[in-house]
Amino acid sequence: MSVFDDEYVVRGRMDSNVLVVDDSAAIRKILQRVLRQTGMAIGAIHEAGDGQEALAVIGQHPVNLVLTDINMPKMDGLQLLASLKASQQFRAVPVVMITTEGGEAKVSEAVRLGAAGYVRKPFTADQIKEKLTGILAPELPL
Amino acid sequence: MILQTLINDSICAASANVFSTMLGQELARGETSLEAGTPEPNDGVVSFIGIAGAWAGTGSISCSPNLACRICSQMLMTDVSAVDAEVLDAVAELTNMIIGGVKTDLEQHLGPLGLSIPTVVYGRNFKTKSAGQHEWIVVNFLWDSEPLTVKFCLAPQDRTLVHHAINHTAETHPYTIEVSTLMENSCHQQ
C-alpha cells in the first residue's frame, strides 16, 4: 500500500493512522475520542485488545503510531513494544505507553525498550496532545 | 508513616484524581473504617484487582448498579440504563486506575508491586473472600448521595515466598485466584 492510498490520505492531507491497544474497550473508546479532539491530523484509528492482536492488526494496516497499555492478557504492552522494536518492518513506528503503571521500574523498562513516550492513567486530552506533539504532525488548515 | 494512613490517604487522592480527570466529577469523602475478613453479603457491582510482590493483597471497588451505569455514562459520554458488558468494563477500568494509583504510591515505600487484571462481578446477595485473615481498609465515598466503596488489604508475604512473588506475574497471584474461585461459586447473576 502506498502513502497515496485511502488509508493514508484523508480529506486531502496526510493523516496519521493510529493503533490503540488496551484490554479495556472503555479506554479504547475514550482514546479514540481524545485523539479526534486533539486537532492533530488523525486518519484511521485501529483497535486491539492485547499485544498479540495488535501485532496481527499492524501486519494488515499501516500505522504511524501505537498507543498501548501495559497490563494486558496474552501479550502485555512491554512485550508488544519489544516485538515491534525487534522488527525490521515496524521498529520505526513510535510507541507511546498509556498505563496505570507509574512505577520507576516500568517506566525505565519502557524507555530502555524504545518507547517514544509514557502517559499515566488517568489522563486528560491535553496530556495526550502534549505527548503526541512532535510525534505526529499538527493538523494543517484546510 | 503508618501503612494504614498511607493507604487511606492514597485511596482518597487516587479516587479524587480519577473522578475529576476521567469523569469531570467531584467525589465526596465519607468515613474510613477497618473491616475484618469475614465476608458480608454484597449487592450490585464489585470489581477486584490483586496486588503482588513482597507485599500482596487486593483492592476492590463496589457500588450500586445505578451508580455503575452513571460511571459508564459519564466516562464514555453515552447513555446507559442497564448493567451490560460496557458498564462492567468501565467499572473495571475505574478500579484499575484507582488501585493502580494506590499501588504506585505504595511502591515508593514498599518496592515494586505487580497489578493483576481486574475481575468484575455483578449480582445480588453474593459473598467474596480473599485468602488470609487480614483487615481491609474501607473508604466510603459519595457521588450525588450514591455510595461508592473502595477497599484495600495488604500484608507482607512469607519470607520464603518473597522472591517467588516478585518474579511471579500478577495474573497468577494467589489472592486473585482465590477471589475468582469464590466468586464463581457464590455469585448469583441477575
Report, by residue number, each residue of region A:17-51 that is more than 14 Å from chain B (Cβ to nearest Cβ) and either assigned to a loop (DSSP other than H, G, I, E, B) or farther than 22 Å from residue A:121 by Cβ (or both). A:17, A:38, A:39, A:41, A:43, A:44
Can you find a residue that is closer than 28 Å to residue A:59 by Cβ, out of contact with any helix residue (DSSP H, G or I) (no Cβ under 7 Å at 6 or more places or on another chain) and within 14 Å of chain B (Cβ to nearest Cβ) anywhere in region A:126-136? no
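Test of understanding: among B:68, B:90, B:36, B:52, which residue is of a type in the set (A, V, I, L, M) and either surrounded by fewer than 24 Cβ atoms within 10 Å (Cβ to Cβ) or under 14 Å from residue B:136 (Cβ atoms) (or both)?
B:36
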Which numbered condition residue B:150 fails, given (1) within 14 Å of another protein chain (Cβ to nearest Cβ); (2) modelled with pLDDT of 90 or more: (1)
Starting from residues that are in contact with a helix residue (DSSP H, G or I) (Cβ under 6 Å, 6 or more places away or on another chain) and within 9 Å of chain A (Cβ to nearest Cβ), keep the ones in region B:64-85 and report whichever is nearest to residue B:18 (Cα to Cα). B:75
Go through (1) within 30 Å of residue B:109 (Cβ to Cβ); (2) assigned to a loop (DSSP other than H, G, I, E, B) one by one and return the number of the condition residue A:97 breaks. (2)
A careful count of residues in region B:1-58 that are of a type in the set (Phe, Trp, Tyr) and farther than 20 Å from residue B:108 by Cα gives 2
Hydrophobic (A, V, I, L, M, F, W, C) and either assigned to a strand (DSSP E or B) or free of Cβ contacts under 8 Å to residues at least 12 places away in the same chain (or both), is that true of residue B:82? no
Filter region B:97-119 down to residues that are surrounded by fewer than 22 Cβ atoms within 10 Å (Cβ to Cβ), more than 9 Å from every other protein chain (Cβ to nearest Cβ) and under 14 Å from the mean Cα position of the chain (by Cα), then give me how many there are. 1
Within region A:47-61, the residues that are in contact with a strand residue (DSSP E or B) (Cβ under 6 Å, 6 or more places away or on another chain) and surrounded by fewer than 22 Cβ atoms within 10 Å (Cβ to Cβ) are A:47, A:57, A:61
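Is it the case, given these coordinates, that residue B:44 is in contact (Cβ under 8 Å) with a residue 40 or more places away in the chain and within 22 Å of residue A:121 (Cα to Cα)?
Taking the combined requirement at face value, the residue does not satisfy it.
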Please determine, by comparing only the residues of region B:107-134 that are assigned to a loop (DSSP other than H, G, I, E, B) and basic (Lys, Arg), which one is modelled with the highest pLDDT. B:127
Complete set of residues in region A:95-123 that are on the phi < 0 side of the Ramachandran plot, at pLDDT 90 or above and exposed (fewer than 15 other Cβ atoms within 10 Å of the Cβ): A:111, A:112
Can you tell me which residue within region A:77-89, out of those that are surrounded by fewer than 21 Cβ atoms within 10 Å (Cβ to Cβ) and touching a residue at least 12 places away in the same chain (Cβ under 8 Å), is farthest from residue A:21 (Cα to Cα)? A:85
Given the condition out of contact with any Phe, Trp or Tyr (no Cβ under 7 Å at 6 or more places or on another chain), part of a loop (DSSP other than H, G, I, E, B) and aliphatic (A, V, I, L, M), answer yes or no: does some residue in region B:97-106 qualify? no
Exactly one of these conditions fails for residue A:92: (1) in a helix (DSSP H, G or I); (2) of a type in the set (Gly, Ala, Ser); (3) surrounded by fewer than 14 Cβ atoms within 10 Å (Cβ to Cβ). Give me its number. (1)
Filtering region A:77-125 down to residues that are over 18 Å from residue B:93 (Cα atoms), within 12 Å of another protein chain (Cβ to nearest Cβ) and among the charged types (D, E, K, R) yields A:104, A:106, A:109
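The values are calculated or read from the model by the stated rules, or taken from the named source; none is laboratory data. Computed from a prediction, not measured in an experiment: that's the story for all the values here. A quick note on method: Cβ atoms are made from the backbone with ideal geometry, for glycine too, and the neighbour counts reach across all protein chains shown.
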